[in-house]
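The values are calculated or read from the model by the stated rules, or taken from the named source; none is laboratory data. Every value quoted in this text rests on a predicted model; they were computed, and no experiment measured them. Every residue, glycine as well, gets a Cβ built from its backbone with ideal geometry; the counts of neighbours run over all protein chains shown. Surface accessibility is based on the protein's heavy atoms, side chains included, excluding ligands, DNA and RNA. Shrake-Rupley method; radii C 1.70, N 1.55, O 1.52, S 1.80 Å.
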Amino acid sequence: MMRLTILLVEDNSADADLLIESLSTDSFSKAWQFIHVERLGKALQCLEQQSVDVVLLDLSLPDSHGLDGITQMQTVAPYVPIVVLTGRDDTEMAIQAVAKGAQDYLVKGQISTQLLTRAIRYAIERTQIFKQLKASECRFRAVFDQTFQFMVLLSPDGIVLELNQALANVEASRLDALLHSPIWETERWGYAEPIQQWMKNAIAAAAQGQIVRDEIQVLSTQGELRWLDFSLKPLKDETNKVVLLIAESRDISDRKLIEAKMLQTLEQQQALNQLKSDFVAMSSHEFRTPLTTIRMATELLEKYSHKLTEAKRAQHFERIYAAIASMLHLLDEVLLLGKVDAGGLHYEPAPLELTTYCHDLIETLQLTTKSNHKIIFHCSDEPIQGEMDQSLIHHMLTNLLSNAIKYSPDQGAVWLDVNCQSDCVKFQIKDEGMGIPLQDQQHLFETFYRANNVGKIQGTGLGLAIVKKCVELHQGQIQLSSDVGIGTTVTIMLPRFCAATSS
């Protein structure tokens, strides 16, 4: 049997001898080994120099009186069990002694051999259990503090009891406000009522034994919204009652950003695929008609040229030229839109006198379209000096006026009004055509989109998309209003001068 070392700290030699003799008559007497000292200082030196299994401590010593001796021994040897020996039968003193760390409190006049033996053995056993619990707590604390994830221990009603080192480092300046508060009232979770309510619901569910996990935004110490992968797990006792909630979280903001970029890339790829499909469908239709015209006119000229009058031959050649012009216009629009999407179309402003420019553009347009429509031009000032990109203005006005002519009745009128203001120019193109259904108006600036009432009127669905890009490059605004059977009005507001000049 392994011998246990008892350190007896007793300045009364008679009491010391009596205690040693009493223990020596016990059935476990061969298990005891005694060290007797009369001063607390000597006892502390002994604890520092050798291993002791239990201390029997008198509270009244020449160099120590009262409970202070327990505190000093706990400092030197925190895991050595202490049994207090005193002549005072004082319940309050006994409670204080145990609170200080003593394992038992025995009154000398009431000590029996059996009581003393039991007290010593129980003190040693309790201390061993305490050491095991302490070691277990240290292991838990090491895991709790070393994990990179944020961890919080909560009561079942959501009160913050403890948080690990990873979170303590982040919340250093706010620890006092965090601990012993409902978690939904802390700054991180309390910035918005919906988040608070979500946390309250999560606490209630976890308190009922459910595991809660979600991705949610919270407020960081820098005041930024950050994404957390958050989980709440209940810890139950042997009766299956939830006694603790373990909250874990890790910052996934970078992952969410990558996911958002991937989703955006996927959407762009899908849009590109749709764009390709729409382009194939549009081009196969829009190219087929002029190519058919060219083929038929060419075959007629090849086979029957000698039978055709000069006027007829000229008519066929004119159809060929018109078909070629139509295809070239289509290719120009596609290439222009491709430049915009690839970032190759740039805003290059230069001085531009708008009154003369619009007159020339209308004259050219009426000659090339060969329509019976009348374009009525009105200008508030003459001349109007500005600083704009002439190429973009050309694409913008040509497309809008061509559309107005195309969708208006034969011999109808189209209006172009240009009004000059101090810092902007207002362009307004108006027609009395078929109009655009309300459900189509919100999609008109999308690539390849055409209203559902255009019927067999040819078009690519690119014109308004190009117009919008030209307006955006000028940092302007565009509005469209239309009524079916009445007509359409497009209003564009452009800065009169480029930003560098106006500043």
Run the 1.4 Å probe and let me know the accessible area of Thr75, rounded to the nearest 10 Å². 110
Over the chain, what is the relative contact order in percent, taking alpha-carbon pairs closer than 8 angstrom and at least six residues apart? 7
Extension gain Gln149-Ile324, at 0.36 nm per residue separation less the Cα-Cα distance, in nm? 56.2 nm
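Quick one: net charge around Tyr304, please, counting Lys, Arg +1 and Asp, Glu -1 for every other residue with C-beta under 15 Å from its C-beta.
+3
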Any idea what the dipole of the chain comes to, in debye rounded to 20, about its Cα centre with Lys/Arg Cβ at +1 and Asp/Glu Cβ at -1? 1920
Just the Cα atoms of the range 1-141, one point each, no solvent: what log10 I(q)/I(0) does Debye give at q = 0.09 Å⁻¹? -0.25
Taking the Cβ of Asn12 as the center, what net charge do the other residues with Cβ under 13 Å away carry, scoring Lys and Arg +1 and Asp and Glu -1? -4
Give me the net charge of Val107's neighbourhood, meaning all other residues with Cβ under 13 Å from the Cβ of Val107; Lys, Arg count +1, Asp, Glu -1. -3
By the Kirkwood definition, with r running over pairs of different Cα atoms, the chain has a hydrodynamic radius in Å of 32.8
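If you stretched the chain out fully between Met296 and Asp229, how much longer would it get, using 0.36 nm times the residue separation minus the C-alpha to C-alpha distance?
Details: separation 67, 0.36 × 67 = 24.12 nm, distance 6.77 nm.
Between Met296 and Asp229, full extension yields an extra 17.4 nm.
May I ask which of Lys426/Lys469; Lys134/Lys236; Lys256/Lys469 have a Cα-Cα span longer than 25 Å here?
The pairs that break the limit, which is 25 Å between Cα atoms, are Lys256/Lys469.
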5 angstrom amide H check on Tyr449, placed H, neighbours 5+ away: none
So, in nm, how far is label Gln74 from label Lys134 when the simple model puts each one 7 Å beyond its Cα toward the Cβ? 1.1
Nearest-10 value in Å² for the accessible area of Asp332, using the 1.4 Å probe: 100
Ile246 accessible area, nearest 10 Å², 1.4 Å probe? 40
If you take the beta carbon distance between Gln268 and Gln366 as r and set R0 to 41 Å, what does 1/(1 + (r/R0)^6) give as a FRET efficiency, to the nearest 0.05? 0.50
Among Lys406/Lys430; Lys406/Lys456; Lys42/Lys100; Lys200/Lys233; Lys261/Lys468; Lys374/Lys430, which pairs are too far apart, with a Cα-Cα distance over 18 Å? Lys42/Lys100; Lys261/Lys468
